[in-house]
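As structure tokens, the structure follows; a few thoughts come after it.
No lab work stands behind these numbers, since they all come straight from the coordinates. Note that the coordinates shown come from a computational prediction; the quantities given were computed from them, not determined experimentally. Neighbour counts run over all protein chains shown; Cβ positions are idealised from the backbone, glycine included.
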Amino acid sequence: MSEPKVYKNLIGGEWVESRSGQTYENRNPADTRDVIGIFQDSNADDINDAVEAAKEAYKHWRLMPAPKRGEILFRAAQLLQERKEQYARDMTREMGKVLRETRGDVQEAIDMGFFMAGEGRRLFGQTTPSEMPNKFQMSIRQPLGVCGLITPWNFPMAIPSWKIFPALIVGNTVVIKPAEDTPLSTYNLVQCLMDAGLPPGVVNIVTGFGPTAGQPLVTHPDVPVISFTGSTETGKIITKLTAEQMKHVSLEMGGKNPMIVMDDADLDLVLEGVLWGAFGTTGQRCTATSRLIVHKAVVGELTERLVERARTIRIGNGLDEQVEVGPVINEQQLETVTRYIGVGRDEGARLLLGGSRAEDGDLRYGYFCQPTIFADVDRTMTIAQEEIFGPVLSIIPVGSLEEAIDVANDVKYGLSSSIYTRDVNKAFQAMRDLYTGIVYVNAPTIGAEIHLPFGGTKATGNGHREGGLQVLDFYSEWKSIYVDYSGRLQRAQIDNAE
Ligand code: ADP
């Protein structure tokens, strides 16, 4: 094998080594003999340099007309389109999910690029009549400055794109610390922006680990905005670390997403949906279907068919087009998943399929886990309550729609949910009562499109949304402007009350 490529930090438009000279290896989770590249193991010194560069770039970037900024984003999205296949392959190598899905991940970045490029010619504010004569008033969006972005490994290009594109279109600059397991996809995304003509310093990449590279970014006094996607534990740390400085913080964290199946549902459709929702991306989506809440009248038949089909799922290297499910991201995650499976067994859930690491043949070189199904899961069990982030599905039988919704809502998270029914009344009741940020009807819990708000209730988030136009509210601040052209002092609420 040839020597792995060394990737440097991107600071002020230059590729630079970490100040400490430390690096780390990024390996393929499907085959750990394959080194994707050597990346910088950065620390606070590198973050300081990157923030300085982003501050400098902000002086000019915020003044570039938004339609011009949009043109750069548009060109970047076109370049992503041209390079989609290569970037999808890079992503499968570094993250593990199958090519079909990594193509979708790159596509999401393309969609977001075009969407936000268009916003360059909108970024609508309001005009509204004044209560005084000869007075004009409006509201406009203002950028905030340097945004610190911290991203996870499961959507290694899509999630950075959800943050970078909206931040940029409003006129902010960025320092991004991508997940240690998947930095290459962030490089690929940012490379397109640079090739599209992004000025130096507008986006800076600093790679490394959470506590050493992420945390100095979170606490940096010149970074007023932090957008984070990752675990609830890290989200809590970030909340505490930023409270004193009262930063703008957007947190996107865990899920324990339920799919409700009523007794009138189309079971063929359910079957396809649950396989995709539970085992797609090896269950490593924050929106993955991890609880299947099924009406007792159909739970027997559905469970039998599901186990029969899931048994045939092909596990392996995602670059093989025949493979349906790739590895989990790393050894630690594999341990977490197998630990939860053990807990499920100990608590009395009935293991119907899978339950351990898959190590046949070449699979032993990667972190593979068998698709796992538990039946007779009680709503209070650990595997029905905690996020596992692996290919593990818990089937919970219920007797009515009301019970199903009650069980669905009875977890600390509130990201996504779904219901399968042919009864429009039940569908609307569920749309109203499921307390999650996203609800699907007759579709699994995954499949968000970028132009609607994405995010969740309760411990999933802190009230912000990514995606949609709503994301612009996070990356901008409103400024209300009053222009009095009457030539005299007019006192609102006072002069007009007479
Ligand atoms: P996951 O379980 O998805 O890896 P993490 O929350 O550990 O979730 O990681 C998500 C992102 O947060 C990664 O980029 C990681 O490096 C970063 N991170 C982890 N710990 C911290 C921290 N203390 N401060 C800032 N960023 C962190």
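Model label sites at residue 360 and residue 308, defined 7 Å from Cα along the beta-carbon direction, differ in position by 2.0 nm. Between residue 241 and residue 266, take the C-beta separation as r, use R0 = 45 Å, and let me know the FRET efficiency to the nearest 0.05. About 0.40, to the nearest 0.05. Within the chain, all pairs of alpha-carbon atoms sorted by distance into 20 Å bins from zero give the percentages 23, 52, 22, 3, 0. Classify region 251-314 as rounded, prolate or oblate from the Cα gyration tensor: take a ≥ b ≥ c as the square roots of its eigenvalues, call it rounded if a/c is under 1.5, otherwise prolate when a/b beats b/c and oblate if not. Oblate, since a/c reaches 1.5 and b/c is not below a/b.
Of the peptides 363-370, 374-381, the ranking by mean beta-carbon count within 10 Å, highest at the top, reads 363-370, 374-381.
Full extension of the chain between residue 458 and residue 470 gives 2.5 nm of extra length, using 0.36 nm per residue less the Cα-Cα distance. Bridge orientation summary for the chain: considering DSSP beta bridges with both residues in this region, about 40 percent are antiparallel.
Divided by 2.2 N^0.38 Å, where N counts the residues, the Cα radius of gyration of region 440-490 comes to 1.95. Within region 313-339, name every residue whose backbone N is under 15 Å away from a label modeled 7 Å from Cα of residue 209 along the Cβ vector. Correct set: 331-333. Only helices enter this figure: runs of n ≥ 4 DSSP H residues, each worth -39500 (n - 2.57), summed and divided by the residues of the chain, yield -11500 deg cm²/dmol at 222 nm to the nearest 500.
Modelled label positions at residue 131 and residue 22, each set 7 Å beyond Cα in the direction of Cβ, lie 5.9 nm from each other. Projecting the Cα atoms of 187, 487, 200 onto the charge dipole of the chain, computed from C-beta unit charges around the Cα centre, puts 487 farthest toward the positive end.
For the peptides 327-336, 23-32, what is the packing order when you average, over each peptide's residues, the other Cβ atoms within 10 Å and list the highest mean first? Intermediate values should be presented prior to the final figure.
Numbers: 327-336: 18.6, 23-32: 20.4.
Listed from highest to lowest mean packing, they are 23-32, 327-336.
State, as an integer percentage, the relative contact order of the chain based on alpha-carbon contacts under 8 Å between residues 6 or more apart.
Working: 1152 pairs, mean separation 88.8, N = 498.
Value for the chain: 18 percent.
Compute the FRET efficiency between residue 380 and residue 55 as 1/(1 + (r/R0)^6), taking r as their Cβ-Cβ distance and R0 = 45 Å, and round to the nearest 0.05. Intermediate results must be reported in sequence, preceding the final value.
Details: r = 50 Å, r/R0 = 1.11.
Efficiency, from the Cβ-Cβ distance: 0.35.
Per-residue counts of other Cβ atoms within 10 Å, averaged by peptide: what ranking do you get for 52-61, 78-87, highest first? Don't skip to the end; give the middle numbers.
Details: 52-61: 18.6, 78-87: 17.0.
Ranking the peptides 52-61, 78-87 by packing returns 52-61, 78-87.
Residues 294, 6 in ascending order of nearby Cβ atoms (within 10 Å, fewest first): 6, 294.
Shown here is the pair-distance distribution of region 257-441: with all Cα-Cα distances grouped in 5 Å bins from zero up to the longest one, the shares run 1, 9, 18, 22, 21, 15, 8, 4, 2, 0, 0 percent.
Mind pulling the angle between the C-alpha long axis of helix 158-170 and the longest principal axis of the chain? Nearest 10 degrees, somewhere in 0 to 90. Tilt of helix 158-170: around 10 degrees.
Charging the Cβ of each Asp and Glu at -1 and of each Lys and Arg at +1, and nothing else, the dipole of the chain about its Cα centre rounds to 1100 debye. Principal axis analysis of the Cα atoms in region 136-189 yields extents of 52, 17, 15 Å, listed in decreasing size. Starting from the Cα of residue 297, move 7 Å in the Cα-to-Cβ direction to define the label point; list residues of region 422-459 whose amide nitrogen is under 15 Å from there. Counting only backbone N, you get 422-427.
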